[in-house]
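Laboratory data are not the source of any read-out in this text; all were calculated from the coordinates shown. Since the model is a prediction, treat every value here as computed from it, not as a measurement. Because the Cβ atoms are built from the backbone with ideal geometry, glycine has one as well, and the counts that use them run over all protein chains shown.
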Amino acid sequence: MIELEKTYLAKELPDLTNCKYKDMLDIYIPKEAEHPSLRIRKNGDKYELTKKEPVEDDPSKQLEETIPLRKEEFEELSKLEGKRTHKKRYYFDYNGAVAEIDIFQDALEGLVVVDFEFGKEDEKDAFEMPDFCLVDITQELFIAGGMVCGKSYSDIESDLARLNYKKIDTKLL
């Protein structure tokens with residue numbers, strides 16, 4: 001399946017009071033790879049194994065293959081050495097679309113990334129960045145899931161500063 005998406009750094013958080021969210025744990029393997037394309041994910045009470053690779057060197061188009069896992073399979077695979085990240089994903093309604101707002105936890109606290117997925121390429125191309133977003137980072141390699149996984153905020157702080165990103169206080173969520 002081809003996934004069409006745009007990714008943004010948040011400028012501020014919209015009101016997430018009534019939004020559903022899931023607690024997520026991502027483990028990218030192999031650990032030694034600079035940008036692993038294989039991910040094991042705990043998504044709320046669901047588990048999956050996903051392989052994701054850019055199509056035609058365009059990060060906004062990804063070939064994505066996902067296999068659902070049973071909890072026991074996830075627990076066994078999660079013993080593998082991998083790059084880990086923990087986040088809360090909020091689902092925010094925005095002008096008929098769903099913004100997936102990832103609020104990173106632990107070592108990446110203060111980082112908030114917003115994803116929008118699209119059914120058609122012309123929808124993706126016509127989409128305008130919401131006011132609560134700072135900058136389109138779809139083409140920025142340093143912030144891709146497999147790249148940011150296993151890092152701390154200070155590891156990517158200079159790249160974030162280049163984009164004028166300011167750490168967001170998410171402690172109340």
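Computed values, structure above
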| read-out | value |
| --- | --- |
| Computed over region 1-117, Kirkwood Rh from alpha-carbon pairs, angstrom | 15.3 Å |
| Within a Gaussian network of the chain (alpha carbon springs, distance under 10 Å), most fluctuating of Glu76, Glu109, Glu53 | Glu76 |
| Residue order, fewest to most surrounding Cβ atoms within 10 angstrom, among Cys19, Cys149, Cys133 | Cys19, Cys149, Cys133 |
| Spatial separation of Cα centroids for region 37-57 and region 79-148, in angstrom | 14 Å |
| Positive-end extreme of charge dipole, region 2-162 - chosen from Ile2, Val112, Pro54 (charges on Cβ) | Val112 |
| Cα-centred dipole magnitude for region 2-162, charges only on beta-carbon of K, R (+1) and D, E (-1), debye, nearest 20 | 660 debye |
| Residue-count net charge about Ile29 - beta-carbon cut-off 12 Å; Lys, Arg +1, Asp, Glu -1 | +4 |
| Local net charge near Lys88, Cβ-Cβ under 13 Å (Lys/Arg +1, Asp/Glu -1) | 0 |
| Integer Hz, Karplus 6.51/-1.76/1.60 couplings in order for region 154-166, x for Gly and Pro | 5, 5, 10, 4, 5, 5, 5, 5, 4, 9, 6, 6, 10 |
| Charged-residue dipole, Cβ positions (Lys, Arg, Asp, Glu), region 128-173 about Cα centre, Debye nearest 20 | 240 debye |
| Förster radius 30 Å - calculated FRET efficiency between Glu72 and Lys120 (Cβ-Cβ, nearest 0.05) | 0.20 |
| The chain - mean residue ellipticity at 222 nm from DSSP helices (-39,500 (n - 2.57) per run, n ≥ 4, rounded to 500) | -4000 deg cm²/dmol |
| Among the listed pairs Lys20/Lys171; Lys88/Lys166; Lys11/Lys83; Lys42/Lys167, those beyond 23 Å (Cα-Cα) | Lys11/Lys83; Lys42/Lys167 |
| Charge tally in the Cβ shell below 13 Å around Glu121, where Lys, Arg are +1 and Asp, Glu are -1, Glu121 excluded | -4 |
